[in-house]
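No lab work stands behind these numbers, since they all come straight from the coordinates. Bear in mind that the values here come from a model prediction, so they are computed numbers and not experimental data. Positions of Cβ are backbone-derived with ideal geometry, glycine not excepted, and every protein chain shown enters the neighbour counts.
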Amino acid sequence: MRTALRAMLITSMAASGVLGPAVGTANADDWRTAATTCLGGDIAGGVYDGLIITGECTVVAGTTVEVDGNLSLVSAATFNADSMSTVRVIGDIRVGKGAALWLGCSLTSVPGDGAGAGGVSPCTGQTNDVVEGSIVADHPWALHLDGDTIWGSLISIGGGPGAKETPYVSFPVENNVIRGDVSVTGWQGAWFGYIGNVSFGGVLLAGIGGANPRSTEIASNAVSDNLICLTNSPAAQIGNSDGFANFVGGQETGQCAGL
């Protein structure tokens, strides 16, 4: 697992598209558009050869967006698809420093504005967004992944506002199917959870700090390989997630032993 994660990190971080310049603009008369930069506001439905997010961009309910390339968030950008919309990314999603990615939601989702715990979910059901590549985040503000299918790996290194509850920033990874490995390390915020996922690779959750004492909820997951939890604060727990023990095909080690 360690070798696979290292190879994925080298390959993904070497691609500088996450900080690359705009390579085109959308033509409103074309259903299929060239690679496009979103400076902010709502993203029009359609098919894009690539999508670069530089501002606060939203996929509103009822919209279908397909990216036949990479979806890249530059530093401090926001891609908010926390709605009853449909998003399909054929390539990778790359999340830059301080950027926020909200992809998919369900009836139990927290609204994708980072405003606080609780609130009314914007979804009336379960979305099913698809990423055919991997999601690679370099010191993101937060990721909200709910009800997604990720054919590659999920890798997130560092990030967050710090282990504090104001602003209340959460990092939920819930109800997803992830074909590759998962590695979330070093994120610091209010709350982190890895709940109800089906993971075909190994899962490493390490060095995560949550200010909420119920943070680091690791529950109701099916993991084909190893589930490793190290130096998280609070320690990995089922908490009040109303979840059940994880099913792990490999070994449960560290704080996840016995969960």
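Summary of computed values
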read-out	value
Calculated FRET efficiency for the pair ASN240/LYS164, C-beta based, R₀ 22 Å, to 0.05	0.60
Per-peptide average of other Cβ atoms within 10 Å, ordering 56-68, 164-176 highest first	164-176, 56-68
Distant-in-sequence amide H partners of SER75 (H built 1.01 Å from N, under 5 Å)	LYS97
Virtual spin-label span in nm between THR64 and TRP151, 7 Å along Cα→Cβ	1.8
Amide H contacts under 5 Å for SER183, placed H, 5+ residues apart	LEU154, ILE155, SER156, LEU204
